[in-house]
Structure formats: structure tokens, C-alpha cells
């Protein structure tokens with residue numbers, strides 16, 4: 001499960017996401033595990049990234065209010081849409097910074113606990129191996145590689161967009177572009193380009209570290225429950241299956257505690273859905289008048305957020321589906337003549353689930369409903385704002 005290849009992929013991911021010091025984690029090569037980095041240098045770099053994000057969010061709100069007041073006289077849907085997109089992304093980054101700072105010990109503790117449990121499980125049941133999918137990569141590897149690809153395409157797209165159109169209203173450079181002197185224009189542009197790339201990279205690196213609590217915990221837990229359900233009575237006794245299920249129940253409860261309630265809603269549903277709706281609408285309506293490098297971030301962000309919904313919700317739904325099947329399997333196998341203690345332990349078993357807001361257990365139907373919600377609102381916006389109303 002946590003093979004050398006998987007650990008190398010996780011180590012590379014952590015090396016990328018902690019390269020700017022914008023998250024409180026690092027990879028401990030001695031323990032071969034992630035750990036909390038509490039050095040003064042890391043704390044300063046983390047707080048600096050938070051400060052930049054707060055300033056950027058305030059600037060974006062100010063710009064949105066400014067352009068909203070001018071909307072009737074000089075209507076520009078492109079500017080309003082881009083400001084709305086960056087406000088959503090920056091708010092998500094702030095929530096991720098808050099979760100990383102307040103729940104860093106819980107995330108590291110859960111990662112170490114999952115690794116220890118996986119090591120014990122593999123030692124006791126050596127035949128338990130995850131299926132490989134592409135070039136001998138298991139599902140954990142593929143999820144981490146997908147996230148790395150999302151981060152790479154996002155940073156590339158936003159960097160190219162600033163390079164092509166630095167005077168857009170969502171950038172600080174728009175305030176000084178007209179006032180900058182001719183001799184200093186190149187230096188000022190490079191400084192603001194470096195600031196923009198640093199701000200977006202530090203934010204998305206912090207947001208990407210949330211996968212270290214989702215993927216290594218939920219995917220192995222679903223695999224363990226499927227394996228013990230398929231195993232015969234002679235391989236794993238009913239008492240052992242109940243004991244393993246209770247351990248996974250504790251792991252799932254700790255997982256729900258290792259993230260702030262606001263982050264789970266934002267990460268899995270609210271922000272990806274809002275960005276999918278906005279970027280898909282912009283990709284359809286703005287392709288007529290936007291140049292290529294200003295247009296390409298819209299479909300890029302849409303595809304990334306569409307993938308994020310699957311990456312975050314599929315492991316969450318797998319927990320419920322696997323635990324529900326295992327509960328039914330155990331109840332069928334337990335003999336009615338067993339003692340009172342067994343009946344009490346059986347009563348305590350119930351399907352597990354990841355909590356997202358008021359929803360205690362996320363099911364597969366949630367993914368379909370989320371995509372259906374996105375499609376409905378995209379068509380609503382397209383009908384409400386036809387081509388004639390959308391002008392620069």
C-alpha cells in the first residue's frame with residue numbers, strides 16, 4: 001500500500017508544496033513521514049504568505065466594489081468575472097491557511113497513525129495489496145499525481161495571464177502601470193510578476209497540502225474494509241473483522257476532527273462548484289473577443305476544479321460504500337446464538353462516513369448531484385446573459 005514508490009511520490013509532493021515555506025509541514029527523511037516544521041524561519045514565511053493573501057483579498061474586494069459602481073456606465077463582464085474568481089480562490093486559500101495552522105498536529109498525527117496501521121495490517125495479512133492501474137501505480141499514487149498536475153497547470157496558466165495582461169484590474173500592477181516611468185517599467189514589471197507568481201504559488205501549495213489528510217487516510221481505509229469483507233472466514237475470523245472495523249471507525253472519527261468544518265465544505269463542494277460555474281460561463285461567452293492567453297485560464301481552472309470535486313469526493317464516498325457493505329457482511333455472518341457481548345459489539349457497528357457540513361455520510365449520489373447542480377447553473381447563466389449582453 002505505502003510502497004517505496006508511493007512514499008517517493010508523497011515525498012516529492014511535500015517537497016514541492018513546502019518549497020516556498022507557505023505550509024507548516026516538511027518531509028522527515030529519517031522517519032520517512034511528514035512532520036510539523038516549527039522553526040522560526042518557517043513561521044515567518046508562513047505568516048508572510050498569509051499577510052500577502054489578506055492584502056490581496058482586501059484589494060480584490062475594493063476593486064469589485066469599484067467596478068460594480070461603474071457597471072452601468074462602463075459594463076465589463078470580463079473584469080467582474082475575474083475579480084469574482086480571484087475572490088473565491090483567495091478566500092479558499094485563507095481558509096486553508098487557517099486549517100493548516102490550527103490542525104497541523106492532527107493532520108501529522110493522523111498520517112503517522114495511518115502508516116502505522118497500514119504496516120501492521122500488511123504484516124498480518126501480506127496478501128493484501130492494492131490493485132495497480134497505470135504503469136503499476138496504485139490509486140494513492142494516481143490521486144497524488146493528479147493533484148501535482150492540477151497545481152502545475154494552475155500556476156502556469158495564471159503566470160502566463162499576468163505576463164500577457166498585467167494591467168488587468170485583479171493585479172496590483174494595474175495601480176502603477178500608468179504611473180511608472182519609462183526607465184523603470186521593466187524592473188517594476190519583473191518585481192510585480194515575481195510577487196504575483198509567489199502569491200498564487202504559495203496559496204495553491206497550501207491548498208494542495210489538504211490531500212495529505214484526504215488521500216492517505218480514506219483510500220486505504222476503504223481498501224481495508226473491502227479486503228476483509230472479501231476474505232473468507234478461515235482467513236480472517238469474524239472477531240478480527242469486527243476489531244478491524246472498530247479501528248477504522250476511530251480513524252474516520254479522527255479524520256473528521258482533523259479538519260475545520262468550514263474547510264470540508266469549501267474544499268469539496270462550495271468553491272469547486274462556484275468556480276466551475278463561473279469559468280465555464282466565461283469560457284463560452286468570452287471566447288469571441290479574448291486573446292488566447294487571456295482566454296486559456298478559464299477552461300484550465302474549470303477542468304482543474306472539475307477534477308478536484310472527483311479527487312475529494314470519491315475517497316469520501318468510498319468510505320461509506322465499503323463500510324456499509326462490511327456491516328451487512330458481518331451481520332450476516334454473526335450467529336444468533338452468540339453471547340450478549342457479541343450482540344452489543346454488533347449493535348455498535350454502523351456505516352462510517354465523512355462529514356461535510358450537516359451531511360454526516362457522503363454517498364456516491366453526492367457527486368452526481370454536485371455535477372447536476374453545476375450544469376443547471378451554467379445553463380441558467382447562459383440563458384440570463386446571452387451574447388448581446390456580454391461585452392467588454
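Can you pull out the residues in the range 349-392 that are surrounded by fewer than 16 Cβ atoms within 10 Å (Cβ to Cβ), farther than 21 Å from residue 306 by Cβ and either at pLDDT 75 or above or over 21 Å from the mean Cα position of the chain (by Cα) (or both)?
350, 383, 384, 385, 386, 387, 388, 389, 391, 392
Would you point out the residue of the range 293-306, among those that are more than 18 Å from the chain's Cα centre (by Cα) and modelled with pLDDT of 80 or more, that is surrounded by the most Cβ atoms within 10 Å (Cβ to Cβ)? Step through it out loud before you land on a result.
We begin by selecting, within the range 293-306, every residue more than 18 Å from the chain's Cα centre (by Cα); these are 293-299.
Adding the requirement that they be modelled with pLDDT of 80 or more leaves 295-299.
Working: 295: 17, 296: 18, 297: 23, 298: 25, 299: 16.
Among residues in the range 293-306 that are more than 18 Å from the chain's Cα centre (by Cα) and modelled with pLDDT of 80 or more, the one surrounded by the most Cβ atoms within 10 Å (Cβ to Cβ) is 298.
Looking only at the range 96-107, filter to residues that are buried (at least 16 other Cβ atoms within 10 Å of the Cβ) and part of a helix (DSSP H, G or I); which one of those is nearest to the chain's Cα centre (by Cα)? Can you show your working first?
Filtering the range 96-107 down to residues buried (at least 16 other Cβ atoms within 10 Å of the Cβ) leaves 96-97, 99-100, 103-104, 106-107.
Adding the requirement that they be part of a helix (DSSP H, G or I) leaves 96-97, 99-100, 104, 106-107.
Details: 96: 9, 97: 13, 99: 12, 100: 13, 104: 16, 106: 17, 107: 14 Å.
Among those residues, the one meeting the criterion is 96.
Return the residues of the range 230-258 that are in contact with a helix residue (DSSP H, G or I) (Cβ under 6 Å, 6 or more places away or on another chain) and within 22 Å of residue 95 (Cβ to Cβ); say none if nothing qualifies.
Correct list: 254, 255, 258.
Evaluate the following for residue 35: is it outside any helix (DSSP H, G or I) and either farther than 22 Å from residue 10 by Cα or touching a strand residue (DSSP E or B) at 6+ places or on another chain (Cβ under 8 Å) (or both)? So that I can check it myself, show each step before the final result.
Details: outside any helix (DSSP H, G or I): yes; either farther than 22 Å from residue 10 by Cα or touching a strand residue (DSSP E or B) at 6+ places or on another chain (Cβ under 8 Å) (or both): yes.
Taking the combined requirement at face value, the residue satisfies it.
Say we look at the range 10-24 and pick out the residues that are within 17 Å of the chain's Cα centre (by Cα) and closer than 15 Å to residue 111 by Cα; which of these is surrounded by the most Cβ atoms within 10 Å (Cβ to Cβ)?
This residue is 24.
Does residue 211 qualify as being within 23 Å of residue 36 (Cβ to Cβ) and either surrounded by 16 or more Cβ atoms within 10 Å (Cβ to Cβ) or free of Cβ contacts under 8 Å to residues at least 40 places away in the same chain (or both)? Reasoning before the result, please.
On the way: within 23 Å of residue 36 (Cβ to Cβ): yes; either surrounded by 16 or more Cβ atoms within 10 Å (Cβ to Cβ) or free of Cβ contacts under 8 Å to residues at least 40 places away in the same chain (or both): yes.
Yes: the conditions hold for residue 211.
Is one or more of the residues making up the range 108-120 part of a helix (DSSP H, G or I), under 20 Å from residue 170 (Cβ atoms) and in contact with a helix residue (DSSP H, G or I) (Cβ under 6 Å, 6 or more places away or on another chain)?
no
Condition (residue is outside any helix (DSSP H, G or I), more than 21 Å from residue 298 (Cα to Cα) and free of Cβ contacts under 8 Å to residues at least 40 places away in the same chain) applied to the range 60-70: is it met by at least one residue? Working first, answer last.
If we filter the range 60-70 for residues that are outside any helix (DSSP H, G or I), which is where we start, we get 70.
Subsequent filtering for residues that are more than 21 Å from residue 298 (Cα to Cα) retains 70.
Next, only the ones that are free of Cβ contacts under 8 Å to residues at least 40 places away in the same chain stay: 70.
Looking for residues that are outside any helix (DSSP H, G or I), more than 21 Å from residue 298 (Cα to Cα) and free of Cβ contacts under 8 Å to residues at least 40 places away in the same chain, one finds at least one in the range 60-70, hence yes.
Mind checking which residues of the range 40-50 are surrounded by fewer than 19 Cβ atoms within 10 Å (Cβ to Cβ) and either in contact with a helix residue (DSSP H, G or I) (Cβ under 8 Å, 6 or more places away or on another chain) or within 10 Å of residue 97 (Cβ to Cβ) (or both)?
47
Anything in the range 1-17 that is farther than 23 Å from residue 131 by Cβ and not in a helix (DSSP H, G or I)? List them, or say none.
Correct list: empty.
To keep it simple, each residue is scored yes or no on (1) in contact with a strand residue (DSSP E or B) (Cβ under 7 Å, 6 or more places away or on another chain); (2) crowded, with 17+ Cβ neighbours inside 10 Å; (3) in contact (Cβ under 8 Å) with a residue 12 or more places away in the chain.
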{"position": "127", "(1), (2), (3)": "no, no, no"}
{"position": "134", "(1), (2), (3)": "no, no, no"}
{"position": "138", "(1), (2), (3)": "no, yes, yes"}
{"position": "143", "(1), (2), (3)": "no, yes, yes"}
{"position": "147", "(1), (2), (3)": "no, yes, yes"}
{"position": "159", "(1), (2), (3)": "no, no, yes"}
{"position": "192", "(1), (2), (3)": "no, yes, yes"}
{"position": "198", "(1), (2), (3)": "no, no, yes"}
{"position": "203", "(1), (2), (3)": "no, yes, yes"}
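Residue 169 passes all but one of (1) closer than 30 Å to residue 9 by Cα; (2) touching a helix residue (DSSP H, G or I) at 6+ places or on another chain (Cβ under 9 Å); (3) not in a helix (DSSP H, G or I); which number fails?
It fails just one condition, (1).
The values are calculated or read from the model by the stated rules, or taken from the named source; none is laboratory data. Source: prediction; values computed, not measured. We place every Cβ from the backbone using ideal geometry, glycine too, and count neighbours over all the protein chains shown.
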